[in-house]
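The values are calculated or read from the model by the stated rules, or taken from the named source; none is laboratory data. Quick caveat, the model's predicted, so the values are computed rather than measured. Positions of Cβ are generated from backbone atoms using ideal geometry, with glycine treated the same way; all protein chains shown enter the neighbour counts.
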Amino acid sequence: MIFIAVLVAVSATLVYRRDGLDGVLKILTHDLWLFGEILPRVLAGCLLGAFITEILPHEKVSRSLGPNSGLKGLLIGTAFGAILPGGPFTAYPVAAALLTVGADFGATIAMVVSWTLIGYGRAVAWELPILGTDFTLWRIVISLPIPVLAGALGRFVYVRMYPKGEPS
Amino acid sequence: MTMSALIIDISLWGSVLVLGIIAFRRGRVVVVSAAREGAMDFINIVPRIALGVIGSGYIAAVIPPEIITGWLGPDSGWLGVLTAVIAGGLTPGGPVVGFSIGAVALKVGGGSPQVIAYVVAWALFAFQRLILWEIPFMPAKFVWFRAAVSVPFPFLAAALAMAIGKP
């Protein structure tokens, strides 16, 4: 937090010295507008996370997404990340909720990585118009194995880092 | 843009509504406590998001895209892939910035495997998104672990792109 605050302050000062007060205010109004737009979605994401924590049966989640869920758990995480609607304001609270209700690091990694790499939201809204259909489709095809592999690597490293389970 | 924003909002609040109804059928207490929990999370996160969103414009403004594009030189081989991965991790700003830099790099003759590596690295561990979005919502230990585990995969994506000769 402090690191970011310092980084922002330094950057804002640089912008001020380069573009004057006008430059600083222009960015500020643009970002304030963006913030106002995002705020209700952040609320929705937090509510989504809280409801999931409350509703999902913990034993069932730890069976299908826990440390012993095998390849199936990683595939479920991948599928879930790929279909999850919304942006970072949904993906991260939902992923945090999954961790709380018994998913392991591996399955949660598969979900988050799948959301960033093969989730349709960002690809359709931004990548397709900017980078074109050909590039985007091949990029997604190439990315298909990555969520499962990243989740598997996560599990592999995790059990070696914490052989006695998660430290508290 | 507005259309896709509308679709996002509808599917988002629709999901909240559906889950809220499911929780309500478990009992009123469940909904109220979950809603209170979610609202508390929201209140705790807002200052960090505020700093991130309102501040990120300044960070993006002082790192000119030309610097990053220059790193993705034409057919630069594995060294180019490595610089692309580092550039992806360092790229500030939202989705427009990352994809636009990729598009510019392609136009000025950057190799496809390098641009793939750049886009994948940026999607997996752009530092600004890790710090501003992922850490406020998730346990920091998980975030760093996930980012570390993700490091090999932009290289794998570049290797696959070279192997199949696409895009």
Original post:
Which residue, of A:GLY73, A:GLY77, is surrounded by 18 or more Cβ atoms within 10 Å (Cβ to Cβ), more than 11 Å from chain B (Cβ to nearest Cβ), closer than 29 Å to B:MET40 by Cα and out of contact with any Phe, Trp or Tyr (no Cβ under 8 Å at 6 or more places or on another chain)?
Top reply: A:GLY77
**OP:** Scan the stretch B:108-131 for residues that are at the interface with another protein chain (Cβ under 7 Å from one of its Cβ atoms) and surrounded by fewer than 24 Cβ atoms within 10 Å (Cβ to Cβ) and jot them down.
**Re:** B:ILE131
Original post:
Could you say whether any residue in the stretch A:101-110 is assigned by TED's automatic domain parsing to the domain that holds A:LEU149, in contact (Cβ under 8 Å) with a residue 40 or more places away in the chain, β-branched (Val, Ile, Thr) and not in a helix (DSSP H, G or I)?
Top reply: yes
Original post:
What are the pairs, 6+ residues apart or on separate chains, where a residue within the stretch B:88-104 that is more than 8 Å from chain A (Cβ to nearest Cβ) has its Cβ under 6 Å from a residue that is aliphatic (A, V, I, L, M) and outside any helix (DSSP H, G or I)?
Top reply: B:THR91/B:ALA126; B:PRO92/B:ILE63
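Here is a yes/no grid of residues against (1) surrounded by 12 or more Cβ atoms within 10 Å (Cβ to Cβ); (2) assigned by TED's automatic domain parsing to the domain that holds B:TYR118; (3) part of a helix (DSSP H, G or I):
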| site | (1), (2), (3) |
| --- | --- |
| B:GLY14 | yes, no, yes |
| B:ARG25 | no, no, yes |
| B:ALA34 | yes, no, yes |
| B:GLU37 | yes, no, yes |
| B:GLY52 | yes, no, yes |
| B:TRP78 | yes, yes, yes |
| B:VAL85 | yes, yes, yes |
Original post:
Only one of these conditions is not met by A:VAL157: (1) buried (at least 17 other Cβ atoms within 10 Å of the Cβ); (2) facing another protein chain (nearest Cβ under 7 Å); (3) in a helix (DSSP H, G or I). Which number is it?
Top reply: (1)
Original post:
Does A:LEU65 count as out of contact with any Pro (no Cβ under 8 Å at 6 or more places or on another chain), more than 7 Å from chain B (Cβ to nearest Cβ) and crowded, with 21+ Cβ neighbours inside 10 Å?
Top reply: yes
Subject >> Count of residues meeting criterion [in a helix (DSSP H, G or I) and surrounded by fewer than 17 Cβ atoms within 10 Å (Cβ to Cβ)] in the stretch A:127-148 >> reply: 7
Subject >> Neighbours by Cβ (under 9 Å, 6+ apart or cross-chain): first from the stretch A:18-45, more than 7 Å from chain B (Cβ to nearest Cβ); second among the aromatic types (Phe, Trp, Tyr) and surrounded by fewer than 16 Cβ atoms within 10 Å (Cβ to Cβ) >> reply: A:GLY23/A:TYR16; A:VAL24/A:TYR16
**OP:** Just give me the residues in the stretch B:148-166 being surrounded by fewer than 18 Cβ atoms within 10 Å (Cβ to Cβ) and within 26 Å of A:LEU7 (Cα to Cα), in sequence order.
**Re:** B:ALA148, B:VAL151
Subject >> Qualifying residues in the stretch A:104-126 (those that are crowded, with 18+ Cβ neighbours inside 10 Å and of a type in the set (Ser, Thr, Tyr)) - the one farthest from B:ALA126 (Cα to Cα) >> reply: A:THR108
**OP:** Could you check A:VAL101 against (1) more than 10 Å from chain B (Cβ to nearest Cβ); (2) hydrophobic (A, V, I, L, M, F, W, C); (3) crowded, with 23+ Cβ neighbours inside 10 Å and say which number it fails?
**Re:** (3)
